[in-house]
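As structure tokens, the structure follows; a few thoughts come after it.
The values are calculated or read from the model by the stated rules, or taken from the named source; none is laboratory data. Values in this document were obtained by computation on a predicted structure and should not be read as measured data. Here Cβ is always computed from backbone atoms with ideal geometry, including for glycine, and neighbour counts include all displayed protein chains. Accessible surface areas use protein heavy atoms only, side chains included; no ligands, DNA or RNA. Shrake-Rupley method; radii C 1.70, N 1.55, O 1.52, S 1.80 Å.
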Amino acid sequence: MKESQVIDETIRNDTAEKIAFDDLQLANILFGVHNENLKRIAKTIGVRISAKGNTLTVQGDQLDVDLAKRALNDLYGLLKKGYPLFPTDIDYAIRILSDDQSVNLEDIFLDTVYISSRKRVITPKSIAQKRYIDAIRKYDLVIGIGPAGTGKTYLAMAMAVASLMKQEVERIVLTRPAVEAGEKLGFLPGNMVEKVNPYLRPLYDALHDMMDFERASRLIERGVIEVAPLAFMRGRTLNDSFVILDEAQNTGPEQMKMFLTRLGFSSKSVITGDITQVDLPENKVSGLIEIQGILKGIEGIEFVYFTDRDVVRHPLVQEIIKAYERAEERRQRFKPSPSSEKIS
């Protein structure tokens, strides 16, 4: 490989360090086609990286150089363990190490939750996600709270399917509240099940990402996997089941209590939601917000909190979210106060 400059930018301090990799083939995978992975690392961290054969020279601010070296060495270690490195994994690795360089990336990325029908390995991509799946393994009731896109439902689904495949449970129950299940549903065609299906579509989508459509359909027909609105849970006891309540911020206190008391013997339950996106009427309390105080400290129950640092999405989507947040901040900044408005 000819020496090539991966990124050219002004370096704040003239610190340069070399990294050599013992396996040229794995090094080339790490570098990426046309050094695309190195470009990604250099741009994200803010360093310059030069490649010659299996040796890299990293230049930049000392702290940035240290972070780049740590990321490169850890990603190379993952490749040596057979991990299939994707470009987005580079972003996740840098984000994790930026937050805490004492973290061992192998503990996170090599913790296989499930291998989907498309042969895609599902693993945690952040420290919070790792804590989340560890909590699901350990506790009978886990509540995951945080913004959309942090993998709360997806990882819970993967853990549920893995438990079913290992025969740790006899069935999976997936449920979520149909917030608009009042008069609006009455205008939709079909019976009640057909009316609420649009609200359950995200759960079906996640399920079909785990296993092929035909297999999932057979399990649903046999009742091994059940996808139903929360209202259908009333009066039931769920034994030997893995139960997931999604969008729990849209449950009222009574609904939440009803769901919590459905848990039977040899069962596990995961509740997920985003307490910043409550769609209930303003005068109604969210059951998810309420249980943070009610269930705190009870043995066997674990709360796991996610932040925007745990969002696992297309980078463009993250930029769109940030743009909307900036727009909202501008609106709030220039919004006239009530006292300044003229009274006609």
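Taking Lys125 as the residue in question, decide whether it is assigned to a loop (DSSP other than H, G, I, E, B), out of contact with any Lys or Arg (no Cβ under 8 Å at 6 or more places or on another chain) and basic (Lys, Arg).
Numbers: assigned to a loop (DSSP other than H, G, I, E, B): yes; out of contact with any Lys or Arg (no Cβ under 8 Å at 6 or more places or on another chain): yes; basic (Lys, Arg): yes.
Taking the combined requirement at face value, the residue satisfies it.
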For the range 105-122, which residues satisfy the criterion of being open to solvent by less than 10 Å² (accessible area, probe 1.4 Å) and of a type outside the set (A, V, I, L, M, F, W, C)? Ser116
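With respect to Lys125, determine if the residue is under 15 Å from the mean Cα position of the chain (by Cα), at pLDDT 95 or above, farther than 17 Å from Ser269 by Cβ and open to solvent by 20 Å² or more (accessible area, probe 1.4 Å).
It is false that Lys125 is under 15 Å from the mean Cα position of the chain (by Cα), at pLDDT 95 or above, farther than 17 Å from Ser269 by Cβ and open to solvent by 20 Å² or more (accessible area, probe 1.4 Å).
Name the single residue, out of those in the range 261-272 being in contact with a strand residue (DSSP E or B) (Cβ under 7 Å, 6 or more places away or on another chain) and either modelled with pLDDT under 95 or at positive phi (or both), that is least open to solvent (accessible area, probe 1.4 Å).
Looking only at the range 261-272, we keep the residues that are in contact with a strand residue (DSSP E or B) (Cβ under 7 Å, 6 or more places away or on another chain), and these are 262-264, 267-272.
Adding the requirement that they be either modelled with pLDDT under 95 or at positive phi (or both) leaves 262-264.
Details: Arg262: 40, Leu263: 66, Gly264: 17 Å².
Within the range 261-272, the match that is least open to solvent (accessible area, probe 1.4 Å) is Gly264.
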Which of the residues that make up the range 77-116 are outside any helix (DSSP H, G or I) and β-branched (Val, Ile, Thr)? Val103, Thr112, Val113, Ile115
Being without any contact (Cβ under 8 Å) to a residue 12 or more places away in the chain and open to solvent by 60 Å² or more (accessible area, probe 1.4 Å) is the filter here, so list the residues in the range 207-253 that pass it. Phe213, Glu214, Arg218, Glu221, Arg222, Gly235
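Suppose we filter the range 89-118 for residues that are of a type in the set (Val, Ile, Thr), in contact (Cβ under 8 Å) with a residue 24 or more places away in the chain and under 24 Å from Asp209 (Cβ atoms); how many remain?
Just the residues of the range 89-118 that are of a type in the set (Val, Ile, Thr), to begin with: 90, 94, 96, 103, 108, 112-113, 115.
Now drop any that are not in contact (Cβ under 8 Å) with a residue 24 or more places away in the chain, which leaves 90, 94, 96, 103, 113.
So of that shortlist, the ones also under 24 Å from Asp209 (Cβ atoms) come out as 90, 96, 113.
The qualifying residues number 3.
I'm checking my understanding of the structure. Among residues of the range 128-154 that are open to solvent by less than 10 Å² (accessible area, probe 1.4 Å) and modelled with pLDDT under 95, which one is farthest from Ile271 (Cα to Cα)? Explain how you work it out, then say what you get.
Filtering the range 128-154 for residues open to solvent by less than 10 Å² (accessible area, probe 1.4 Å) gives 128-129, 132-133, 135-136, 142-146, 150.
Those left that are additionally modelled with pLDDT under 95: 146, 150.
Numbers: Gly146: 11, Thr150: 14 Å.
Result: Thr150.
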Tally the residues that are modelled with pLDDT of 95 or more and farther than 12 Å from Leu105 by Cβ, restricting the search to the range 67-83. 4
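Restricting attention to the range 91-98, does a residue exist that is touching a strand residue (DSSP E or B) at 6+ places or on another chain (Cβ under 6 Å) and among the acidic types (Asp, Glu)? Step through it out loud before you land on a result.
So in the range 91-98, the residues touching a strand residue (DSSP E or B) at 6+ places or on another chain (Cβ under 6 Å) come out as none.
Looking through the range 91-98, none of the residues is touching a strand residue (DSSP E or B) at 6+ places or on another chain (Cβ under 6 Å) and among the acidic types (Asp, Glu).
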Applying the selection to the range 287-316, what residues are open to solvent by 80 Å² or more (accessible area, probe 1.4 Å), assigned to a helix (DSSP H, G or I) and not hydrophobic (A, V, I, L, M, F, W, C)? Asp308, Arg309
